[in-house]
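The values are calculated or read from the model by the stated rules, or taken from the named source; none is laboratory data. Keep in mind the model is a prediction, meaning the values are calculated, not measured. Note: ideal-geometry Cβ built from the backbone for every residue, glycine included; neighbour counts use all protein chains shown. Areas reflect the complete protein model, heavy atoms only, side chains present, ligands, DNA and RNA absent. Shrake-Rupley method; radii C 1.70, N 1.55, O 1.52, S 1.80 Å.
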Amino acid sequence: MIGAWIVLTLFGAFSAGQVSKRWFESFSIPGYSSYEANQRTLHTFGTGEQAPLVAVFHSSGDVTKVTGIKRAIDAAANVNRGSRVSSYWSTGSRAYVSKDGHTAFAEIYPPGTPGFTATTHIKKVRAQLKSAAPAGVQTWLTGRDPIQEASSGGSSSGPSVLTEALIGGLGSLVILFFVFGTLPAVLMPIAIAIASILNTFTLVWILTYITNVSIIVQFLIALVGLGVAIDYALLMIFRFRDELREGEDVETALVETMTHAGRSVIVSGSTVAVGLLSMVILPLPFIRSIGIGGMLIPAVSVICAITLLPALLAVLGTRINSVRLLPKRFVDTGHPEDGPWGRWGALVMRRPVPVAAVGLVIVGALVYYGLQLNPSEAQVKDFPGTGDAINGRTALTDAGISAGVMKPFVVLVENGASRAPIVAKLQATPGIAGAVAPPDWRKGSNSLVEAFASTDAAAKSVRSTIKRVRTDLKGTGGTLGGIPGEDRDFVKAVYSNFPYVLAFVVLLTFVLLARAFRSLVLPLKAVVLNLVSLAAAYGIIVFIFQQGHGSESLWGVHATQSIIPWIPLMIFAFLFGLSMDYEVFMLTRMREAYDETGDTKSAVALGLARTGKLVTSAALVLMFAFFVLASSPGVDIKQFGIGLAAGIIFDATVIRALLVPALMRLIGRWNWWLPDAAARALFVRREPVRAPENPALESA
C-alpha cells in the first residue's frame, strides 16, 4: 500500500506541472445583460471586458490648451494594440476636464479579456505616457487595475496563495511538534497532506480533459488539502495513540482506530465535499468548476487517510512514540480525562447554563455584525498603497473629478439606433455626472456611449443608478455594459441563488449526520450551530474590514464599507465543511461513549476530554495556514485569509468548547432521539445501548 502511494504521489508531482497549462481563466456570467453586452462589445470593437486605464494630466494653466497631450495618450494606447480611447481631445467634451480646467483625464480601454495571467502592460503604458507628455504637465496613470497593482506591492495577489500555503505547511510542523512531541507523529500528517494534494492534482488534470476547470481550484487544493488532510491524520493518530496508551497491541489499536476514527473521517470528508459541491447550483461556469474540482480534494484526503495512514501506522506501531522531540514531562502520556480538557468538561457539566450564556453572548455580538454584510467591490479610495497610481487617484479627487471615471458605464447601441437621445437621457439621470458619445466609437451599425457615475461605481448608491439607467435605456436600442453593470450582475448571480445553495448543503449534511449519529436532534443542532458559526465569521470580517476596526493599523487597509463579493461565498464553501469536521470528531466520540454507558452527562464530558486537544490542535493548524494569507498584499486575499482564520478558531473555541457541550448537557436524553419511522427512512440500524439511561442523573 505504501509503495503504491509513493508511485501515485510521484506521478502527482508530474501532474501538478502539466495541469498548470490547462487552467480555465474565464469569469463568464452567461445570460446576464451587462455581461452579454460586454461580450458583444468585445466581439465588435475588440475591447469591453478590461477595466480602462485612466491617464491623468495636470497643468498650472488651462490643460485643454496644452499641445502634445493627445500625442501622449496615443503613445500610451499603442502599447496595447487595439485599445479604445476617449478624452477631451477625441470628443471635445468637458466631461473629461475638471471645473477649474487644470486637470483632465483620458480613458484607455485595453483589448482582450481579463484573467489571472492576462496583462495590460501597465508599467509600459505608464512609461510611454510620461515620456511623451509635454513639458510642464504632471502625468499619472491610474485606474482600477493600476490601483490594485499598487495596493498589492506591484505584483498579482493570485499566485502568492500557493506560496503562502506552503508557509502554512511549515507553520503546521511547528504546531504538530508541540501537539505530538515525537518525530514520526509530527511528520506523518505532513506526509498525508503532501500525498493528498499531489494526487488531487492528478485527478484534476484528468478532469480538465472532460470540462473546464477554473484556475482558482489550485488554491483550493493547496489550502483545503493541507487543512483536511492534516485534520484527518490528527484524528486517527490521536485515536491510535490513545489505544496504545490503554494497553492494546498494535493490531487491535489499529482496528479500533479504523472502526471509530476511520468512520469519522469518511463522514467529515462527505460534509466538506457537500459544501464545495453545492457551488454547482450557481449559474456561473467558473464557480461550478470550482465545485466539481473542489469536491475531489476531501475525497482524495479521505482515501489517503483510510488507506495510506493505516499502512504507515501498521509499519511504525509503537515506534510512533519514539524519537521524542520534547522533554518527557511535556509529552501527553496520561488519560485526557485527568488533564485540562477533562477538568473543563467536568466544569461544563456542572454549570451548563452559565457556559451556554457566555457562548451565546459572544455569538450574538458577532452575528449582529455579520447581518450587516455588504458584498460589493471596494471603492478605489479604500485601496492602500503608494506610487504613481495612488498619486493619480489623489489628483483626480483634489480636482473634484468623480471616482466614477475609474469604472465608467458603457452603453452598447445596436442596429443603427441614434446615440443622441441616449446621451440626453443619461445626462438627465440622477447619479450620472456626464455622458459622451465619442465620434470614433462606431463599427458598422453599432456604436458606444460612455457615462460616468457621480460617485464611485462600487458605492451603494450606484446600485440605484444602475437600475435607473437600465430603465431609461428601454426602447432606445441601448444596453448597459461596462464594469459596474457586470459587477452587479455577478453579485446578483451569486446571491440570488445562494438560498438554494444553502438549502442543498443543509439538507444533505443533515441526512449524512443523522445516519452517522443515529439521531435527529444532533444533526439539527450541528447544522444550526454551523450556520451561526458562519454568520459569526462574517461578523468578524465586517467588523475588521467593512467597518475598519483595526484593519488600517494592522494591515494598512481603510474601512471599505463592503466586502469583496466572492469572499463570503468562498468562506461559506470552505468554512461550513471544515468546521463541521470538528463537530463530527466530537460527536462521534460522544456517541461511542453514550452507546457504552447510556449516560449523557458522562458521554459528553468524556467526548470533550478526548477530543478537546484534537479539535484545538487541528484548528490551530488551519488557522495558521489561513492567517498567513493576511500577509498577502492584495485586499481580497487579506479579507479571505482573516475571515477563514478567525472563523476556524472561533468555531473550535466558542462553538465546540462552549456551546456544543453545554447545549448537549441541557438537552439531555433528547440528544439521541430517533423515531422508528425516521430510522427506517434513513436506513439506520438501531444498536442497543449497553447501559440504561439514568433518569435521576439526567434530571440533576
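Observations, loosely collected:
- Amide N of the stretch 282-320 lying under 19 Å from the label point, which is placed 7 angstrom from the Cα of L531 along Cα→Cβ: 282
- V491-A681 pseudo-label distance in nm [points 7 Å out on the Cα-to-Cβ vector]: 3.9 nm
- Placing +1 on the Cβ of every Lys and Arg and -1 on the Cβ of every Asp and Glu, with no other charges, gives the stretch 546-614 a dipole of roughly 100 debye about its Cα centre.
- Accessible-area composition of the chain, carbon plus sulfur, in percent [1.4 Å probe]: 62 percent
- Residue-by-residue Karplus 3J(HN,Hα) for the stretch 399-410, coefficients 6.51, -1.76, 1.60, Hz, glycine and proline x: 7, x, 8, 4, 5, x, 6, 5, 9, x, 7, 10
- For the stretch 19-27, 3J(HN,Hα) per residue [Karplus equation, 6.51 cos²θ - 1.76 cosθ + 1.60, θ = phi - 60°, Hz, x = Gly/Pro]: 6, 4, 8, 10, 5, 9, 10, 7, 10
- Cα long-axis angle, helix 461-473 against the chain (0 to 90 degrees, to the nearest 10): 60 degrees
- Taking label positions 7 Å along the Cα-Cβ direction at both V361 and A417, the computed distance is 6.0 nm, reported to one decimal.
- Solvent-accessible area per residue for the chain (1.4 angstrom probe, square angstrom): 38 Å²
- The lysines whose alpha-carbon is closer than 21 Å to the alpha-carbon of K425, local same-chain residues fewer than 8 away aside, are K407, K467, K474.
- Rounded to the nearest 10 degrees, the angle from helix 352-370 to the longest Cα principal axis of the chain is 10 degrees.
- Applying the Karplus relation 6.51 cos²θ - 1.76 cosθ + 1.60 with θ = phi - 60° to the stretch 85-101 yields 3J(HN,Hα) values of 10, 9, 6, 4, 6, 9, 10, x, 8, 6, 5, 9, 10, 5, 4, 7, x Hz, where x marks Gly and Pro.
- Nearest 10 degrees, 0 to 90: helix 566-597 Cα axis against the chain principal axis: 10 degrees
- Extended-chain gain in nm, criterion 0.36 nm per residue less alpha-carbon gap, R245 and K467: 73.2 nm
- In Å², nearest 10: area of W205 left accessible to a 1.4 Å probe: 40 Å²
- In nm, spacing of pseudo-spin labels at A135 and K474 (7 Å Cα→C-beta vector): 5.9 nm
- Packing rank of 289-300, 460-471, where each peptide gets the mean count of other beta carbons within 10 Å, highest leading: 289-300, 460-471
- Classified by the C-alpha gyration tensor, the stretch 46-129 has a prolate form. Its axis ratio a/c, with a ≥ b ≥ c, is 1.5 or above, and a/b is larger than b/c.
- Once Cα Rg over 2.2 N^0.38 Å is calculated for the structure shown, the corresponding label among (i) 0.93; (ii) 1.41; (iii) 1.09 turns out to be (iii).
- Amide proton proximity set for G598, modelled H, under 5 Å, gap of 5+: R690, A691
- Potential lengthening between A424 and K21 on full extension [0.36 nm per residue; Cα-Cα distance subtracted]: 140.3 nm
- Listed residues L480, L244 arranged by accessible area, highest first, probe 1.4 Å: L244, L480
- Between A433 and A4, the contour length at 0.36 nm per residue exceeds the Cα-Cα span by 147.8 nm.
- Distance between the stretch 379-437 and the stretch 249-320 - C-alpha centres, whole angstrom: 50 Å
- Between the C-alpha center of the stretch 458-476 and that of the stretch 179-215 there is a gap of 46 Å.
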